[in-house]
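Structure first, then comments.
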Amino acid sequence: MADTSHEKTAGPAAATRYRSPLGEAADEQGIVLTQMLIVADIERSVRFYRDVLGATVVRDQAPAMLRFYNGWIVINTGGGPTPDKPEVTLEPPREPSLVSGFLNIRVRDIAAVYRDWSSRGARFITEPRDNHGAELRCYLRDREC
């Protein structure tokens, strides 16, 4: 969990306060859900989410922050433990066919989104397919994740 007001200290007596773009997005309860993507190439992933999927870049440096319709995507490279995650190491996926998580993007008109994103370079795994009568769905992949 993160405090989006970001109180940052440079030493015991020094404090610099700055606002995260994500803090502005918090709802009336003070909460915003974001998806963190750990990638090898931040610039490449930012281009994919901006140019292909239509995200708006709010911050283009590590970590990159993108507004994606009514959600947020944070993109960063991996790294070792830090004070706020002392036993956690983040790294990009080693094998693209093994997935431990994904963005689930729900759209009103899957055929239109499929055509639009395909025309901008999205590589879908399949065309939209019927999921046992429950919904139409398809998957695409950011080659970094």
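Worth pointing out:
- For the stretch 23-52, a tally of residues being farther than 23 Å from residue 95 by Cβ and assigned to a loop (DSSP other than H, G, I, E, B) returns 8.
- Of all residues making up the stretch 67-90, the number that are surrounded by fewer than 12 Cβ atoms within 10 Å (Cβ to Cβ), in a strand (DSSP E or B) and aliphatic (A, V, I, L, M): 0
- When residue 93 is tested against (1) more than 19 Å from the chain's Cα centre (by Cα); (2) in a loop (DSSP other than H, G, I, E, B); (3) not hydrophobic (A, V, I, L, M, F, W, C), exactly one condition is not met: (1).
- Qualifying residue in the stretch 119-139 (condition: closer than 23 Å to residue 26 by Cβ, in contact with a strand residue (DSSP E or B) (Cβ under 9 Å, 6 or more places away or on another chain) and surrounded by 13 or more Cβ atoms within 10 Å (Cβ to Cβ)): no
- For the stretch 102-118, taking the residues that are free of Cβ contacts under 8 Å to residues at least 60 places away in the same chain and closer than 18 Å to residue 37 by Cβ, the one that is surrounded by the fewest Cβ atoms within 10 Å (Cβ to Cβ) is identified as 104.
- Test set (1) among the acidic types (Asp, Glu); (2) surrounded by 14 or more Cβ atoms within 10 Å (Cβ to Cβ); (3) modelled with pLDDT of 90 or more - residue 142 fails condition number: (3)
- Hits in the stretch 116-145 - residues which are assigned to a strand (DSSP E or B) and under 22 Å from the mean Cα position of the chain (by Cα): 124, 137, 140
- Filter pass, residue 30 being more than 30 Å from residue 136 (Cβ to Cβ), modelled with pLDDT of 95 or more and of a type in the set (Gly, Ala, Ser): no
- Restricting the first member to the stretch 62-91 and to residues that are touching a residue at least 40 places away in the same chain (Cβ under 8 Å) and under 10 Å from residue 37 (Cα atoms), and the second to residues that are in a loop (DSSP other than H, G, I, E, B) and of a type in the set (Asp, Glu), the beta-carbon pairs closer than 8 Å and six or more apart or on different chains are 78/91.
The values are calculated or read from the model by the stated rules, or taken from the named source; none is laboratory data. No experiment lies behind these values; they were computed from the predicted model shown. Using ideal geometry, Cβ is built from the backbone for each residue, glycine included, and neighbour counts are taken over all protein chains shown.
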